[in-house]
Amino acid sequence: MADNSTLVSETGRSLLADSSVLDSKITETSKENVFPGSVLHVEEEMPQIETRVVLIQEAGRHEELLKALETIKIMEVPVLKIKETSPDKSEEKLIKSIIHMEIKVPYIKTDTVEELGDFDSPEFETVFIVSEFQDSPFKNLCKAACRVIGPPVVLHCALKGEPLPFSCRPLYCTSMLNLVLCFTGFRKKEELVKLVTLVHHMGGTIRKDFCSKVTYLVANSTRGEKFRVAVSLGKPIVKPEWIYKAWEKRNEIDFCAADVDFRNQFKIPPFQDCMLSFLGFSDDEKANMEEMTEMQGGHHLPVGDERCTHLVVEENTVKELPFEPSKNLYVVKQEWFWGTIQMDARAGESMYLFEKSDSPGLKKSVSLLSLNTPNSNRKRRRLKETLAQLTRETDMSPFPPRKRPSAEHSLSIGSLLDISNTPESSSANGETPKSCARPSKNSTPLPVKQSARWQVAKELYQTESNYVDILTTIIQLFQVPLEKEGQLGGPILAQEEIKTIFGSIPDILDVHMKIKEDLEDLMIDWTESKSIGDIILKYSKDLLKIYPPFVNFFEMSKETITRCEKQKPRFHAFLKINQAKPECGRQSLAELLIRPVQRLPSVALLLNDIKKHTAEENPDKVTLERAIESLKEVMTHINEDKRKTEAQRQFFDVVYEVDGCPANLLSSHRSLVQRLETVALSDDLCDRGEQVTLFLFNDCLEVS
């Protein structure tokens, strides 16, 4: 050591410190205990101290333990140093240092500690291995401040090729190594002491105050500041049973208390200690929310029950409360309910308090789960101003009011690729989500009177702009938050599920953003000679590349949403929160995702309409015909791919359904044409009257 620090021992006889010294029994020492002379290196001043391992009682009869000890040659040894503070002070701080030393003395077996005689001698650095941390030998060693470890520690070190670790406390196993725990809600000191002791025995660390270094909060209650901070930081919150169960597994060498599957068995349910009532909801909604409450560890009570802790209000239907709430009752919006489930932890009520609309103290709540979507008021206002230029002297609004479609109509895919579909602008397609896209480039005034061709071109631009807004909403409001790392409560969906649901939506958005920009430039600098068809032809190859994968797997996307919503309460809550936002226009995620399926037929119809209003001598007439044909090619390709995909699925259904199906039936060129259920009328193939299934393929007939 090149600084002014020197080595010191507790007794003046040894430079090595036992665990009790490092466990805070000594914090400062005077210069009288410092060995004279300067010290350059630890090794130069360190006396020849013997390192040894002593096995007490049952530990000495553990064959696997003895074999493991033979492979361990090194142990960690604590050293104390003196570091000077200032020249005018006579006291100096002790700083702990850990070095590695070779285990020179073979392990010793003994039934009693007293047999050693010198077990507490400073001439030895002794590690005692004890199988039971409750019997009298263990207690005697603890009183003497000896260094004690359990057999699992030795087995772990042998497996990992690590030295025997130093610990200032008895260490039985390493299942909580590197875990930092904090406790809240415990009123019985005896219980808390027991839990803290077990955590130390498993290698964990305790913090009295909650800080960023804490990795787990062990909670006996959902109230208190520590609980709120843990929720906000996304720290796991577990029941005390987690510690007890981990201790039961202390002899399992590969066990880790931080294992997610093990930990999740003891997580605090979001609605623990909560008694909920629901006001303003339909019978079906109320029944669903009551069921979710029970699933998430809470209980539900009738409105007005004095035991109720939370009154969840549907703020869109309830304007006045039927009674004066008590001071201990939280009156919250339904977003608190769904936000709690999504975060997998009880959300802070202050962000979601319900207040009467005429209350002078009413403040707009900002949800912790809200997203920074690009549709700020400023951008929306600028976009509307630009679109107003395009709609001057006309009654057509860029954001027409629309009715919400029925689920059956919205999600039917049977004829979506039919060229006769209604355009995107049709009022039957549901309310269009408001803009999430960038504002228009400028607001150049346009002539008052425009041609019919301009009117339809304007409609094409408007529907394209709205379509881009819908795609942006899907990505910003749903896909991005689901893919975000470090979600409170962990990932809501697996990456495979997210990919299945959203597919090529980002690629579709990229292409249509470019189409929209080109259409916007065309409308701002409009002349009758401008070519609309060229814009579509410019991106025809991109459309052919991005649309078939999405459309063909749309049914799978819809099924994944339905399945995940049923099986994963947090995803159900996530949809409830985000689908209620104005950007969605009262439409579900599945209803928004059907828009790409509808878009190309809609564009084809509008191009047909533009062609009708295009003069024969206009060069764009021919270009529009080519653009329409390119869209038809994309839709034909989609239909062909869909038929192939469906045929392959049916083919595999046959293979899995028929027992003993010949392997050579599978062929890349073979497809199923028809399946027919029949009854045998003779005894040639099988018994008369037996059911026979005929599978007609494009090149053969199979009978089963």
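The values are calculated or read from the model by the stated rules, or taken from the named source; none is laboratory data. Model, not experiment: these values are computed from the prediction. All Cβ positions, even for glycine, are placed from backbone atoms using ideal geometry, and neighbour counts span all protein chains on display. All accessible areas refer to the heavy atoms of the entire protein, side chains included, with ligands and DNA or RNA removed. Shrake-Rupley method; radii C 1.70, N 1.55, O 1.52, S 1.80 Å.
Things worth noting here:
- Two-site label geometry, THR317 and VAL480: point separation in nm, points 7 Å out along Cα→Cβ: 3.3 nm
- LEU164 long-range amide H proximity, modeled H, under 5 Å: ILE74, MET75, GLU76
- Listed residues ARG61, ARG228 arranged by accessible area, highest first, probe 1.4 Å: ARG61, ARG228
- Two-site FRET efficiency, SER232 against GLU102, from Cβ-Cβ distance with R₀ of 60 Å, rounded to 0.05: 0.80
- Residues VAL260 and GLU132, FRET efficiency given R0 of 35 Å [Cβ-Cβ distance, rounded to 0.05]: 0.70
- The stretch 277-294 - phi-based ³J(HN,Hα) in whole Hz, Karplus 6.51/-1.76/1.60, Gly and Pro as x: 10, 10, 10, x, 9, 5, 4, 5, 5, 5, 4, 5, 5, 5, 5, 5, 4, 5
- Counting only protein heavy atoms and using a 1.4 Å probe, the accessible area of VAL303 comes to about 60 Å².
- When you count the other C-beta atoms within 10 angstrom of each residue and take the mean per peptide, 217-223, 471-477 line up highest first as 471-477, 217-223.
- With K and R counted +1 and D and E -1, the other residues having a Cβ less than 11 Å from that of VAL312 yield a net charge of -4.
- Relative packing of 154-163, 682-691, 573-582, which averages over residues the other C-beta atoms within 10 Å, highest first: 573-582, 154-163, 682-691
- Sequence ranges 541-547, 616-622, ranked by mean other-Cβ count within 10 angstrom, highest first: 541-547, 616-622
- Fully extending the segment from MET556 to LEU353 would add 69.2 nm, taking 0.36 nm per residue of separation and subtracting the current Cα-Cα distance.
- For the stretch 238-302, GluC sites (Glu not before Pro) meeting the loop criterion (DSSP other than H, G, I, E, B) and having at most 15 other Cβ atoms within 10 Å: GLU252.
- Here the stretch 577-640 has 50 percent of its accessible surface on carbon and sulfur atoms, given a 1.4 Å probe and all protein chains in place.
- Label point distance in nm, ARG223-SER704, each placed 7 Å from Cα along Cα→Cβ: 6.4 nm
- Under Karplus coefficients 6.51, -1.76 and 1.60, residue-wise ³J(HN,Hα) of the stretch 545-555 in Hz, glycine/proline x: 7, 9, 7, x, x, 6, 5, 5, 10, 5, 4
- Label point distance in nm, MET295-GLU625, each placed 7 Å from Cα along Cα→Cβ: 5.8 nm
- For the stretch 313-321, Karplus couplings with θ = phi - 60° (6.51, -1.76, 1.60), whole Hz, Gly/Pro x: 10, 7, 5, 7, 10, 9, 9, 10, 7
- Remark: for residue pairs LYS267/LYS327; LYS516/LYS612; LYS249/LYS566; LYS611/LYS632; LYS516/LYS558, the C-alpha separation exceeds 24 Å in LYS267/LYS327; LYS249/LYS566; LYS516/LYS558.
- Taking a sphere under 12 Å around the Cβ of CYS274 and counting the other residues whose Cβ falls inside, with K and R at +1 and D and E at -1, yields a net charge of 0.
- Computed from the C-beta positions of LEU159 and ALA580 and an R0 of 56 Å, the FRET efficiency is 0.60 to the nearest 0.05.
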